[in-house]
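Only one structure is covered here, and it is reproduced in the block below.
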Amino acid sequence: MTAEITPFFDPATFTWSYVVADPATRACAIIDSVLDFDPASGKLSSTSAERLMQFIKDQGLTVDWLLETHVHADHLTASHYLQEKLGGRIGIGNQVGQVQSAFGPVFNAGADFRTDGSQFDSLFADGEEFSVGELQFRVMHTPGHTPACATYLVDGNAFVGDTLFMPDYGTARTDFPGGDAGILYDSIQKILSLPDDTVLYMCHDYLTGDRKDYLCKTSVAEEKHNIHLHGNDKAAFVHQRQCKDKGLAAPRLLLPSIQVNMRAGELPAAENNDKRYLRIPLRMALS
């Protein structure tokens, strides 16, 4: 019996989330969940998370794991919210402390903010295995976009986070703290060394001019023709990636996302007026 994989798309952030279920035990994992956030009003809502919860209830599933492929910079994770509702353990790659160390000072997170990854229940080492019911998952570190990026392998499928996009769109940016185009290239080669028929599940999809429908999956064989990889050696890829990164704008939800996601989805502590705040550090460019 193979893993049952159900995708959920959030059009506001172009994010694919997944429920991966074991048909034998009805245990499941949730990968890259979304908590809805309106930056104009500061309003948080759980519409996307409620869709996942309703599906899990309807299917009679039990949550073993809430998995993050990395500390996302484009959407807020619902892992903490879902854990409170459904249980399960929150897991991420064990290099997440590098991300926390880089961004803690940016947001003046304070002496109480831990940069050892202890906000997460499990920090996965490269090659580590864990189970969801009778399904066996394996973790493959795939840094480059961020130091803590991880790909989750199960039953001939790989959840690659932002490392790769659909072949007609390209690869992850590498201009965040700890990002590195050369390391990203090496990580992509690790993914492409998997069997050609391995199904690769995306964390995001963005439409190109030639495509009308959002897609959540491709294959290793198809990704070998990715527009950023086909015909490029490592040096050419690094040059192309670095040049492209220089022209990219910051993600719309970068500042709120990082503050929440580096805390495993928990919001910053309430201040002395019992309200919680997300901080926007100013970059002064006034004449």
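Considered as a group, the residues in the range 175-216 that are among the hydroxyl-bearing types (S, T, Y) and in contact with a strand residue (DSSP E or B) (Cβ under 8 Å, 6 or more places away or on another chain) include one that is surrounded by the fewest Cβ atoms within 10 Å (Cβ to Cβ), and that residue is Y214.
Just to be sure before I move on: is G209 of a type outside the set (D, E) and modelled with pLDDT under 95 in the structure I sent?
When the stated conditions are applied, G209 passes them.
Considering the range 20-128, the qualifying strands (runs of 3 or more DSSP E), each wholly inside and each with 2 or more residues that are in contact with a Leu (Cβ under 8 Å, 6 or more places away or on another chain), buried (at least 17 other Cβ atoms within 10 Å of the Cβ) and at pLDDT 95 or above, run over 27-31, 36-38, 62-67, 89-93.
Considering (1) surrounded by 12 or more Cβ atoms within 10 Å (Cβ to Cβ); (2) within 29 Å of G91 (Cβ to Cβ), the lone condition that H239 does not fulfil carries the number (2). Where strands (runs of 3 or more DSSP E) fall wholly inside the range 151-221, no range has 1 or more residues that are in contact (Cβ under 8 Å) with a residue 12 or more places away in the chain, under 23 Å from K246 (Cβ atoms) and in contact with a helix residue (DSSP H, G or I) (Cβ under 6 Å, 6 or more places away or on another chain). Screening the range 129-162 for residues that are touching a Leu at 6+ places or on another chain (Cβ under 7 Å) and buried (at least 18 other Cβ atoms within 10 Å of the Cβ) and picking the one that is nearest to P268 (Cα to Cα) gives H145.
The values are calculated or read from the model by the stated rules, or taken from the named source; none is laboratory data. Note that this is a predicted model, so its numbers are computed, not measured. All Cβ positions, even for glycine, are placed from backbone atoms using ideal geometry, and neighbour counts span all protein chains on display.
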